[in-house]
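Each remark here refers to the structure printed beneath this line.
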Amino acid sequence: MSPAIDHSPQSRSGFVAFVGAGPGDENLLTLRGADLLSKTDVVVLDRESYGSLLRHCRKGVDIVDAETAENSVSLRILQEAKAGRIVVRLCPGDPSFFSSVAEEVAACAKADIEFEVVPGVPPATAVPTYAGIPPATAVPEFRVVDAAQVDDWAAHASCTGTMVIYNGVADAVPIGKALIAAGMPDTTPVAVTSDGTTIEQYTVVSTLGRLGPDLKHAGMTEPAMIIVGENVGQRDRMSWFETKPLFGWRVLVPRTREQAKGLSEQLRSYGAVPEEVPTISVEPPRTPQQMDRAIKGLVNGRYEWVAFTSANAVKAVREKFEEYSLDARAFSGLKVAAVGETTARALIEFGVRPDLMPTGEQSSEGLLAEWPPYDSMLDPINRVLLPRADIATETLVAGLTRLGWECDDVTAYRTVRAAPPPAPIREAIKGGGFDAVLFTSSSTVRNLVGIAGKPHNVTVIAAIGPQTAKTAEEFGLRVDVMSDKPSASTLAAALADYGAKMRHAAISAGEVPRKPSQMRRGARRRVR
């Protein structure tokens, strides 16, 4: 059983954990590593490489960037531990595999400071696996070598299984020649994988005899790994990471961070790199009294129905509830309608399950198509509360009025155009740095063009429905993908299908699959 950490103020003894951060994919951090990060007072890491793992830390943790630390890392760790603090030192890969932290561990032992070494997923096994090369399946030997410690490669030319070489990409060609000179066949398969397990991963497959010409224009740099052996030949049928439909695609998601969260997670599952750029800012109404009256009316039984057309409306009402110390029980006896999966999900998280949702088109028109007419015999109250944006259309109010209902159309929030994104984002949008952009409404089209300019013509344009597509076309954009129903999740799936078809077409034509951004003039081509 792993030792428990006494994190109480009374605890005076320091503790240092050397935690393997894994090979690059942040999701490969071990549970023990995540647990220690959640309890630590100080975290020491290479922030550029492993900064994403800070999300496991509690608020207020002290962060020491090992690359820019003024004093030696060992000294800082000892100082913090002697002061009674919990310290986590994040180490690349596994601390026991060719790690540079051995001196830091020794310093803790010498100073009689309690420490723990937490293994991480080693690149030696993870990178080949992510490259579609089973490192130790059906082979008699699995050998891991640090090129920085090898003077004579003759001892390794006899390897009869898979050999994984660390720190050797700069000397890959000389290493190949040395292995051939020592008796290894020049036809031996070899793969070189750079940035393994990350969305920047790319792999060159060759043989020892052809490494020179095949790597000449590949631009391989560390971190990289050389994999030698017959199992490299299994990559064609076992590659699963680099063959994801949107692998490495940089996808622009013009929504607020809260709205984009689920969509971004879905895009990552397809191998994409989502970039969230808010195009609108949601702000409280200028005069809150209207919402105050609406909430009081809701509690006092003024309404038969409450209709939510956006998650922002749910959020606005929820915030008002919290202001008045109310909760979901205030909806007791009310009927609740919702437009869209995201709105319904926000209500359910609030503790309210919608009574009515459109079964067809997720819009005001779709909701009206199923809304029951007012019947004085069945409905004791004929009033509907509509908490909405300040720019909402009159479609829903007009339709409900025709059905005999009276509506309180209340401004729950205002939508204003967001500030322009940083200059690098604007340049990438206009210059073709993005592979695709997902437009989830007409307003996202208008606002993105307004704050950042039109996407480059190589960028794949995906629109959530006919109206959004029409707006995009009015701005001179070519719509490549349109979802068959107005759902952000369906739109992301449609983009993934488009990417898969692009990849299949390239392979069928005998070409190397390329991302849309690589098709613009001057884009760098990589060998995969």
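The values are calculated or read from the model by the stated rules, or taken from the named source; none is laboratory data. If you're wondering where the values come from, they're calculated on a predicted model, not measured in any experiment. When we count neighbours, we look across all protein chains shown, and the Cβ atoms used for this are built from the backbone with ideal geometry, even at glycine. Heavy atoms of the whole protein, side chains included, go into the accessibility calculation; ligands, DNA and RNA do not. Shrake-Rupley method; radii C 1.70, N 1.55, O 1.52, S 1.80 Å.
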Using the Kirkwood formula over every pair of different C-alpha atoms, what hydrodynamic radius in Å results for the stretch 229-338? 17.9 Å
Distance in Å, no decimals, from the C-alpha centre of the stretch 24-87 to the one of the stretch 465-507 is 41 Å
Of all trypsin sites (Lys or Arg not before Pro) in the stretch 187-247, the ones in DSSP coil with at most 15 other Cβ atoms within 10 Å are Lys216
Obtain the radius of gyration and the Kirkwood radius of the stretch 343-421 from its C-alpha atoms and give Rg over Rh. 1.02
Cα-derived Rg to Rh of the stretch 151-278, Kirkwood definition: 1.12
Estimated dipole of the stretch 374-499 in Debye, rounded to 20 [Cβ of Lys and Arg +1, of Asp and Glu -1, Cα centre]: 480 debye
How large is ³J(HN,Hα) for each residue in the stretch 455-463, as worked out from phi by the Karplus curve 6.51 cos²θ - 1.76 cosθ + 1.60 (θ = phi - 60°), to whole Hz, x for Gly and Pro? x, 4, 5, 7, 6, 6, 9, 10, 10
Area projected by the alpha carbon convex hull of the stretch 91-234, averaged over all directions, nm²: 9.4 nm²
With the 8 Å Cα cutoff and a minimum separation of six or more residues, the chain has a relative contact order in percent of 10 percent
Taking amide H positions as placed in the peptide plane 1.01 Å from N, state which residues far from Cys407 in sequence (5 or more) or on other chains have amide H under 5 Å from it. Val384
Once the Cα atoms of helix 488-508 and of the chain are each reduced to a long axis, what angle between those two axes, in degrees from 0 to 90 to the nearest 10, is obtained? 40 degrees
Share of Cα-Cα pairs in the chain lying beyond 41 Å, as whole percent: 41 percent
Take every Cα pair under 8 Å in the stretch 12-122 that's 6+ residues apart, average their separations, divide by the length, and report that relative contact order as a whole percent. 45 percent
What is the stretch 49-174's relative contact order, in percent, from Cα pairs under 8 angstrom and six or more apart in sequence? 16 percent
Table column - 3J(HN,Hα) (Hz), the stretch 316-326, Karplus curve with 6.51, -1.76, 1.60, x for Gly and Pro: 5, 5, 4, 5, 5, 4, 5, 4, 9, 6, 9
Within the chain, what's the longest run with no GluC sites (Glu not before Pro) in a DSSP loop and at most 14 other beta-carbon atoms within 10 Å? Give the range, please. 201-360
In what order, largest first, do Thr68, Thr444 sit by accessible area if the probe radius is 1.4 Å? Thr68, Thr444
